[in-house]
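Notes follow the structure.
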Amino acid sequence: MNIFRKEKIESDKVDLQYLHSQDADMDQIARHYNLETCSLDEINNLIINGVSVQTAFELSEDYILSNAEYPDNLFKILSFFYTLGITSEQIRSIISRIIPTMFIDKIKLFSIKSTVDDIVSSSPDKWSSIGIEPSEYAKPWTRLNYCHYLSLDSGKTLADLPKAVSVHDFIHNVKLSEIEREFHYQDYTFDQFIRRSFLPAGGNIEQLVQKSFCENIEYENPVGWLILAAIYVNGGKLINKYKLSKYANPTNYFLIDLKFIIEHFPNILCISIYEASISVGAF
């Protein structure tokens, strides 16, 4: 019997139930006619009519990816396949196509922020149940959310990071200059960030030292000097004290930054005042 009779196949419409009843190779048919799905009902229809779970999963790829911005829908689809035998490796593979973990374009991440948040901070246990490791997405989550954890008195600190994001991960994925800029905007110093957020949350000061080297933070730069000075006074042993003294210039700073210098570098301030008085006397 010819199961591909013309009256049974019109354009891309395939009578799956009939073909399955004729012991047809349903995987071959589904692939031949590229029976891509657009709903869970369509996925289920393929499977109950003899299409293997693996083939249905592959044919549902575009449908899965189309739900990248909708974490509840995405989880529902993937957990459905997971319960039917699709492996956690396959689940992770398709998630990796949705959420980049290496080269991050923050602008492109905004459209899937709800999904990143759901995996890392909102519902990590749910995603872990199908083989997704929330900590693997610490980098994109941090790039999307780091500003929310750079507060002191009225907001979240590093102690409030989700379980999947360590303090080490956070610092690794945020530039020191970004941290300094955010705290400066709030009228805080980098020193206050270290003392009141970073160290209480379990941060290691040597990570900041190494990161300052990697980012080429310069002693000659007024902002860079403040960052390096703050790391130094909080125990950063490899920060060059001689260069701090050499490039210190209190006239670059005002208010809270100047208060930091007066408190921790009084000798530098005295030298600066003395040099200024000599300069005035010369006239």
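The values are calculated or read from the model by the stated rules, or taken from the named source; none is laboratory data. What you are looking at is a predicted structure, and each value in this text was computed from that prediction instead of being measured. Cβ atoms come from the backbone with ideal geometry, glycine included; neighbour counts cover every protein chain shown.
Can you confirm whether the range 72-80 contains a residue that is under 17 Å from the mean Cα position of the chain (by Cα) and either hydroxyl-bearing (Ser, Thr, Tyr) or surrounded by 15 or more Cβ atoms within 10 Å (Cβ to Cβ) (or both)?
Scanning the range 72-80 turns up no residue that is under 17 Å from the mean Cα position of the chain (by Cα) and either hydroxyl-bearing (Ser, Thr, Tyr) or surrounded by 15 or more Cβ atoms within 10 Å (Cβ to Cβ) (or both).
Pull up the range 196-224, narrow it to residues that are under 13 Å from Thr157 (Cα atoms) and touching a Ser or Thr at 6+ places or on another chain (Cβ under 9 Å), then point me to the one that is surrounded by the fewest Cβ atoms within 10 Å (Cβ to Cβ).
Only one residue fits best here, namely Gly202.
Among the listed residues Lys241, Lys237, which satisfies the condition of being modelled with pLDDT under 95 and in contact with a Phe, Trp or Tyr (Cβ under 8 Å, 6 or more places away or on another chain)?
Working: Lys237 fails: in contact with a Phe, Trp or Tyr (Cβ under 8 Å, 6 or more places away or on another chain).
Just a single option satisfies the conditions, and that option is Lys241.
Scan (1) at pLDDT below 95; (2) hydrophobic (A, V, I, L, M, F, W, C); (3) in a helix (DSSP H, G or I); (4) under 19 Å from Ile194 (Cβ atoms) for the single condition Leu152 breaks and write down its number.
Among (1) at pLDDT below 95; (2) hydrophobic (A, V, I, L, M, F, W, C); (3) in a helix (DSSP H, G or I); (4) under 19 Å from Ile194 (Cβ atoms), the lone unmet condition for Leu152 is (3).
Take Leu228 and tell me if it is at pLDDT 95 or above, surrounded by 21 or more Cβ atoms within 10 Å (Cβ to Cβ) and under 23 Å from Ser122 (Cα atoms).
Judged against the criteria, Leu228 is not a match.
For the range 185-199, enumerate the residues that are in contact with a helix residue (DSSP H, G or I) (Cβ under 8 Å, 6 or more places away or on another chain) and either closer than 16 Å to Asn234 by Cα or not charged (D, E, K, R) (or both).
Tyr188, Thr189, Phe190, Asp191, Gln192, Phe193, Ile194, Ser197, Phe198, Leu199
Yes or no: Tyr137 of a type outside the set (D, E, K, R) and over 14 Å from Pro71 (Cβ atoms)? Let's see the steps before the verdict.
Numbers: of a type outside the set (D, E, K, R): yes; over 14 Å from Pro71 (Cβ atoms): no.
In short, no.
Would it be correct to say that Asn234 is surrounded by 14 or more Cβ atoms within 10 Å (Cβ to Cβ), under 22 Å from His168 (Cα atoms) and over 27 Å from the mean Cα position of the chain (by Cα)?
yes
Those residues that are surrounded by fewer than 21 Cβ atoms within 10 Å (Cβ to Cβ) and either more than 19 Å from Tyr146 (Cα to Cα) or among the β-branched types (Val, Ile, Thr) (or both), I need them from the range 113-130; list them, please.
Asp125, Lys126, Ser128, Ser129, Ile130, listed by residue number.
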